[in-house]
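First the structure, in the form of structure tokens, and then the observations on it.
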Amino acid sequence: MENIDILKEKIIKLKNEKQAVIVAHTYQPREVQEIADLVGDSFQLSKFCATDSRKLIVFCGVHFMAESAKILSPEKKVLLPEISAGCPMADMANGKDLIAMKEKYPEAKVVCYINSTAEVKAVSDICCTSSNAVAIVKSLKAKQVIFVPDQNLGAYVSKFVPETEFILWNGYCRVHHQLDSQDVFNRKQEHPEAVVVMHPECRAETLEFADFVGSTKAIIDYVLNSDEEEFIIATETGVIDRINMLDPSKKLYLANERLLCRNMKKTNLEKVLLSLEKEQYEIDLDTEIMDKARGCLERMLEAVK
Ligand code: 13P
Ligand code: SF4
């Protein structure tokens, strides 16, 4: 394996030569976060990619994220350094089954979490991320909402919008869903002073232990701006790397050792360099699906500017 610093230098040099931009989700390995132009949550990254002028995007994340960047900017070349980096939760919903559900609930508006395929976005009314889901559902003023694919995020959001009836899809993120109340309780016993922060992809009964619930960006901001020193982190371990990079004085404990997204960890510096060199793996989507899915993403960006 090449020396990390040499790899980083090569990546930055080639990125500048090609006038490319590198973005990374906060769950990416630390060395990948270190070479990115922007590290953020799904919402920040999709907004940034839509407005940045560079025509070549290296998206260090999972498939649906790079796909969203491509949908919003079809004229740009969007690369995913590891082709098999997917999101199993996004794959728990497909267009055909969603259309069948819409037929069952014809009055319902369909809100799809950004962690979904382009095909699902194409048949949804509006998209949301974990940072804006409550605002998005409120903006619809709908009597009934089909929330797809994350049942946990949907259940969490429904508490803030009691006037809307939620029909929840049966999907979930394996990384967050596996965390149970007992894990958090045990960590709290070990670190009684620690503040518990959680991602809304965790199950409702686990979220009851949270002092704060938010998207990855909201969690990071909360920890950095807090006067407290110790935190139990109930989301993917990359968030700990991010906070450590920004403020090493915080004491952070992962709520359990299984909070690791294998797909997010498939990207590394070698693959980022190869991606830039060979311009691989290019996101290529059916134009009709992309055109339909774009409305869903654009309505989200419009609703929560
Ligand atoms: P964020 O919307 O917080 O970036 O989360 C995305 C995700 O995949 C969480 O598991
Ligand atoms: Fe998908 Fe979960 Fe990984 Fe996020 S953490 S990318 S929801 S599998």
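Please pick out the residue among L79, L98 that is more than 13 Å from ligand 1 (Cβ to nearest atom), in contact (Cβ under 8 Å) with a residue 12 or more places away in the chain and within 30 Å of S275 (Cα to Cα). I'd like the intermediate steps shown before the answer.
Working: L98 fails: within 30 Å of S275 (Cα to Cα).
Going through L79, L98 in turn, just one is more than 13 Å from ligand 1 (Cβ to nearest atom), in contact (Cβ under 8 Å) with a residue 12 or more places away in the chain and within 30 Å of S275 (Cα to Cα): L79.
For (1) part of a helix (DSSP H, G or I); (2) more than 11 Å from the chain's Cα centre (by Cα); (3) in contact (Cβ under 8 Å) with a residue 60 or more places away in the chain, each residue gets a yes or a no:
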| position | (1), (2), (3) |
| --- | --- |
| Y27 | no, no, yes |
| E34 | yes, yes, yes |
| S46 | yes, no, yes |
| S53 | no, yes, no |
| V58 | no, yes, yes |
| I71 | yes, yes, yes |
| E75 | no, yes, no |
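Return the residue satisfying two criteria in turn: it lies in the range 154-168 and is open to solvent by less than 30 Å² (accessible area, probe 1.4 Å) and in contact with a strand residue (DSSP E or B) (Cβ under 6 Å, 6 or more places away or on another chain), and of such residues it is farthest from A135 (Cα to Cα).
I167
Could you give me the residue pairs with C-beta distances under 6 Å whose first residue belongs to the range 200-219 and is under 17 Å from D183 (Cβ atoms) and outside any loop (DSSP other than H, G, I, E, B), whose second residue is of a type in the set (G, A, S) and open to solvent by 20 Å² or more (accessible area, probe 1.4 Å) wherever it lies, and which are 6+ apart or on separate chains?
If the second residue must be of a type in the set (G, A, S) and open to solvent by 20 Å² or more (accessible area, probe 1.4 Å), the pairs left are A204/A155; E205/S181; T206/S181.
Among the residues in the range 244-256, are any open to solvent by 80 Å² or more (accessible area, probe 1.4 Å), touching a residue at least 24 places away in the same chain (Cβ under 8 Å) and aliphatic (A, V, I, L, M)?
yes
Within the range 219-235, does at least one residue satisfy the condition of being under 30 Å from N3 (Cβ atoms) and not charged (D, E, K, R)?
Within the range 219-235, one or more residues are under 30 Å from N3 (Cβ atoms) and not charged (D, E, K, R).
Regarding the range 132-143, can at least one residue be identified that is within 14 Å of ligand 2 (Cβ to nearest atom), under 18 Å from the mean Cα position of the chain (by Cα) and open to solvent by less than 20 Å² (accessible area, probe 1.4 Å)?
So far as the range 132-143 goes, yes, one or more of its residues are within 14 Å of ligand 2 (Cβ to nearest atom), under 18 Å from the mean Cα position of the chain (by Cα) and open to solvent by less than 20 Å² (accessible area, probe 1.4 Å).
The values are calculated or read from the model by the stated rules, or taken from the named source; none is laboratory data. Note that the coordinates shown come from a computational prediction; the quantities given were computed from them, not determined experimentally. Ideal geometry is used to build each Cβ from the backbone, glycine not excepted, and the neighbour counts take in all protein chains shown. Calculation scope for accessible area: heavy atoms of the full protein, side chains included, ligands and nucleic acids excluded. Shrake-Rupley method; radii C 1.70, N 1.55, O 1.52, S 1.80 Å.
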